[in-house]
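Taking it in order: structure first as structure tokens, then the write-up.
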Amino acid sequence: MGKNMSQKHRDIKRSFDLLLSFIGLFLFGWLILIAYIIAAVETNSSGFFVQKRIGMMGKTFRVIKIKTMKKVPNQNSMVTTSDDVRITKSGKIFRKLKIDELPQLFNVFIGDMSFVGPRPDVEGYADRLKGEDRIVLSIRPGITGPATLYYRNEEEILAAQEDPEKYNREVIYPHKTEMNKNYIYNYSFLKDIYYIFKTIF
């Protein structure tokens, strides 16, 4: 069994999150506003997508993203593929450029999330982890991280599967869990900087 993240590392990580999220909101607030307006017009609804996710210690919180999908009858899958008919025209661009993720800077600022960590799951995944796997819930979920970068083309991978939900549940999610555990066991602040850099560039 590996070691959990030390309190010193947690404090450094949180201080960095606060500073960078404040700067990010200041620099990209205008872009979030424009994306919100475009999404609102195209979906004829709120431009924000707000969903309950599983956070640190299994507590739920509301993640905020730019809305990139519209409601389509009989399309209720919990996984999204690259050819998903629910994705809007602007949504394709926002998702490709990761603009839809920018509102999560607010989630980071208020302490729901971190810049780097396991992605926050919908109910039915992280909250059902058992034993040592539950260490994934010991830290704040992140906007990016090793598993997120490894599966940055996840939607294309799922689109090629006969049963995307089953493949995600039986192959991708268990692999992500192992990668997230290793991230915690071998935590390094410099690695966080590296993951953020790789996400942007």
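Extending 7 Å from the Cα toward the beta-carbon at both TYR194 and VAL171 defines two label points whose distance is 2.7 nm. Partner aspartates and glutamates whose Cα lies under 19 Å from the Cα of LYS166, excluding those fewer than 8 positions away in the same chain, are identified as ASP83, ASP84, ASP121, GLU123, ASP127, GLU154, GLU155, GLU156, GLU178. Candidates PHE94, PHE48, LEU20 compared by Cα position along the dipole of the chain: farthest toward the positive end lies LEU20, with charges placed on Cβ. With 5 Å bins beginning at zero, the pair-distance distribution over Cα atoms of the chain amounts to 1, 7, 15, 19, 21, 18, 11, 6, 2, 0, 0 %. If a spin label sat at a point 7 angstrom from the Cα of ASN182 along the line to its beta carbon, the backbone N atoms of the stretch 1-34 nearer than 20 Å would be those of 1-6. With the alpha-carbon atoms of the stretch 87-133 aligned to their principal axes, the span from lowest to highest coordinate is 42, 25, 15 Å, starting with the largest.
Cα centroid separation, the stretch 30-92 to the stretch 121-155: 19 Å. Using C-alpha pairs below 8 Å separated by at least 6 residues, the relative contact order for the stretch 61-104 is 58 percent.
Globularity index of the stretch 1-56 is 1.68 (Cα radius of gyration / 2.2 N^0.38 Å, N = number of residues). Label-to-label distance, PHE48 versus LEU97, with points set 7 angstrom from Cα along the beta-carbon direction: 2.1 nm. For the residues GLY142, GLY131, GLY58, a GNM of the chain with alpha-carbon springs under 10 Å puts the largest fluctuation on GLY131.
Where a Cα-Cα gap under 30 Å defines reach, which lysines qualify for LYS3, not counting those fewer than 8 residues away within the same chain? Filter leaves LYS13, LYS52, LYS59, LYS130, LYS176, LYS181, LYS191, LYS198.
Any read-out appearing in this document is the output of simple, stated calculations on the displayed coordinates, not a laboratory observation. Please read all numbers here as calculations on a predicted model, not as lab measurements. Heads up, the Cβs are rebuilt from the backbone with ideal geometry, glycines too, and the neighbour counts pull from every protein chain shown.
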